[in-house]
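Colleague: Take a look at this one; I'll ask things after.
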Amino acid sequence: MTTTPDHWAPTDPLGEALHQMRMNGAFYCRSELSAPWGMTMPAMPGHIWFHIVTSGPAWLQTEDAPPRALLPGELALVPHGRGHLILGAPGAPAPSVMDLERVTATERYELIRHGGGGDPTTLICGAVRFDHPAARKLVEALPDTIHVEVGGSPQQEWMQSTLRLMSAEAQHLRPGGEEVITRLGDILVIQAIRAWLETDPAARTGWLGALHDEQIGRAISLIHQQPDRDWSVASLAAELAMSRSAFADRFTKVVGEPVMQYLTTWRMNLALDALRSEQATAAQLARRLGYRSEAAFARAFKRVVGLPPGAAKRGSLPVVPSPTPPGA
């Protein structure tokens with residue numbers, strides 16, 4: 001007789017990943033542009049670029065796609081931080097945004113005025129990054145661009161209301177207006193990702209597809225929530241009321257790597273975050289992540305990351321590679 005496990009992970013592992021999408025903004029700017037105009041946005045690995053058109057025409061051009069028109073009230077994301085162009089019209093000259101004259105309003109918010117004096121366009125642009133490993137894995141699964149169009153669903157209506165509020169704040173910058181604009185920009189980025197997750201069939205493949213899977217998604221949640229537990233294939237399978245072999249085969253097929261490899265990689269991502277944000281020691285991380293000794297943790301860290309914890313702590317921190325999604 002099949003028994004129900006005493007403790008189940010939450011049934012919404014995708015919601016858990018979204019919950020972890022706490023952002024750090026690197027760059028926000030309001031751009032007042034006049035035709036002909038264009039800007040080259042530099043590559044910023046590990047960041048998401050976003051562009052919100054508050055008035056006038058604009059075009060987004062990435063390396064592998066033709067220019068795409070952006071209408072007032074529309075939002076575009078470039079999730080993987082790749083360099084790209086924002087143009088008043090296809091073919092317009094596009095100097096680097098870093099070479100344009102910028103007025104610093106606050107530490108992270110700038111004003112740009114650029115163009116040839118013709119028809120005006122106003123944009124709000126930014127580059128943000130996500131620090132939590134669950135959020136970074138979600139971002140890795142996103143397409144090269146996300147485009148949220150005007151009108152339609154109740155969610156889009158809500159987004160349009162937020163865009164109108166952001167536009168009003170940008171036009172009449174009052175005390176604290178920069179903080180309002182940057183917070184609204186962060187909210188809109190998350191809403192755009194949610195809209196893509198809910199509507200695009202690609203959100204049902206790879207790691208995202210695994211989160212949607214009732215049993216494998218719960219296994220991932222258990223790993224994420226209890227990385228210090230002495231997990232094995234058998235113990236995870238028991239939590240899901242599955243046989244060991246059926247669970248192991250299904251996890252590898254859906255996620256693209258064996259479950260114990262996923263567990264180790266997840267622990268190393270958490271370790272890298274702790275080294276970055278807390279200056280944690282190897283001994284502390286060994287206890288926190290379920291290793292019996294500091295030496296066992298250090299061996300696992302070096303095998304996955306390629307550096308011992310001390311070297312990673314002192315230098316620029318690498319990124320733990322993700323497996324190739326199934327079918328890629």
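The values are calculated or read from the model by the stated rules, or taken from the named source; none is laboratory data. What you are looking at is a predicted structure, and each value in this text was computed from that prediction instead of being measured. Here Cβ is always computed from backbone atoms with ideal geometry, including for glycine, and neighbour counts include all displayed protein chains. Please note that ligands, DNA and RNA were not included when accessible areas were found on the heavy atoms of the full protein model with its side chains. Shrake-Rupley method; radii C 1.70, N 1.55, O 1.52, S 1.80 Å.
Colleague: With charges set only on the Cβ (+1 for Lys and Arg, -1 for Asp and Glu), what does the dipole of segment 25-203 come to about its Cα centre, in debye to the nearest 20?
Modeller: For segment 25-203, the charge dipole is close to 180 debye.
Colleague: How about segment 234-293: which trypsin sites (Lys or Arg not before Pro) there are in a DSSP loop, with at most 16 other Cβ atoms within 10 Å of their Cβ?
Modeller: On the way: sites: 244, 250, 253, 267, 276, 287, 288, 292; in loops: 292.
Passing sites in segment 234-293 are 292.
Colleague: Calculate, for segment 213-313, the solvent-accessible area per residue in square angstrom, rolling a 1.4 angstrom probe over the heavy atoms of the protein chains.
Modeller: 45 Å²
Colleague: Still on this structure, please answer the following. Can you list the residues, at least 5 places off or on another chain, whose amide H is less than 5 Å from the amide H of residue 44, using H built in the peptide plane?
Modeller: Hits under the 5 Å cutoff: 82, 83.
Colleague: Would you work out if segment 183-307 is rounded, prolate or oblate? Take a ≥ b ≥ c from the square roots of the eigenvalues of the alpha-carbon gyration tensor; rounded if a/c is under 1.5, else prolate when a/b is larger than b/c, oblate otherwise.
Modeller: Cα axes put segment 183-307 in the oblate bin.
Colleague: If you take all C-alpha pairs in segment 78-146, what percent of them are over 21 Å apart?
Modeller: 41 percent
Colleague: Output the relative contact order of segment 213-313, whole-number percent, from Cα pairs under 8 angstrom with separation of 6+ residues. Let's see the in-between values first.
Modeller: Working: 84 pairs, mean separation 24.1, N = 101.
Here the relative contact order equals 24 percent.
Colleague: Enumerate the calculated ³J(HN,Hα) couplings along segment 274-284 in order (Karplus 6.51 cos²θ - 1.76 cosθ + 1.60, θ = phi - 60°), each rounded to whole Hz, writing x wherever the residue is Gly or Pro.
Modeller: Ordered by residue, 3J(HN,Hα) equals 5, 5, 6, 9, 10, 6, 5, 8, 4, 5, 4 Hz.
Colleague: Probe 1.4 Å, all protein chains in place: accessible area of residue 97 in Å², nearest 10?
Modeller: 0 Å²
Colleague: Apply the Karplus parameterisation 6.51 cos²θ - 1.76 cosθ + 1.60, with θ equal to phi minus 60°, to every residue of segment 197-202 and state each ³J(HN,Hα) to the nearest whole Hz, in sequence, with x for glycine and proline.
Modeller: Per residue, the Karplus-derived 3J(HN,Hα) values read 4, 7, 10, 9, x, 5 Hz.
Colleague: Something else: Give the lysines reachable from residue 313 as a straight Cα distance under 28 Å; neighbours fewer than 8 places away on the same chain don't count.
Modeller: Candidates past the 8-residue exclusion: 137, 302.
Colleague: So what are the ³J(HN,Hα) numbers for segment 122-134, from phi and the Karplus equation (6.51, -1.76, 1.60; θ = phi - 60°), rounded to whole Hz, Gly and Pro as x?
Modeller: Using θ = phi - 60°, the values come out as 10, 10, 10, 10, x, 10, 10, 9, 10, 9, 6, x, 5 Hz.
Colleague: Would you grab the residues whose amide H sits under 5 Å from the one on residue 70? Only those 5+ places off in sequence or on another chain, please, with H modelled 1.01 Å from N.
Modeller: Residues meeting the criterion, in which the H sits 1.01 Å from N, are 58, 59, 60.
Colleague: From the square roots a ≥ b ≥ c of the eigenvalues of the alpha-carbon gyration tensor of segment 25-203, which class results: rounded (a/c under 1.5), prolate (a/b over b/c), or oblate?
Modeller: It is rounded, given that a/c, with a ≥ b ≥ c, falls under 1.5.
Colleague: Moving on. Magnitude of the Cβ-charge dipole of segment 217-301, K/R +1 and D/E -1, about the Cα centre, nearest 20 debye? If you can, show how the numbers build up before the last one.
Modeller: On the way: 11 positive and 8 negative charges, 19 e Å.
Charge dipole of segment 217-301: 80 debye, to the nearest 20.
Colleague: Report the charge-dipole magnitude of segment 74-151 in Debye, nearest 20, computed about the Cα centre from +1 at each Lys and Arg Cβ and -1 at each Asp and Glu Cβ.
Modeller: With only Lys, Arg, Asp and Glu charged at Cβ, the dipole is about 220 debye.
Colleague: Quick one: work out Rg over Rh on the C-alpha atoms of segment 242-307, Rh as Kirkwood radius. The partial results should precede the final answer.
Modeller: Working: Rg = 13.7 Å, Rh = 12.8 Å.
That ratio is 1.07, to two decimals.
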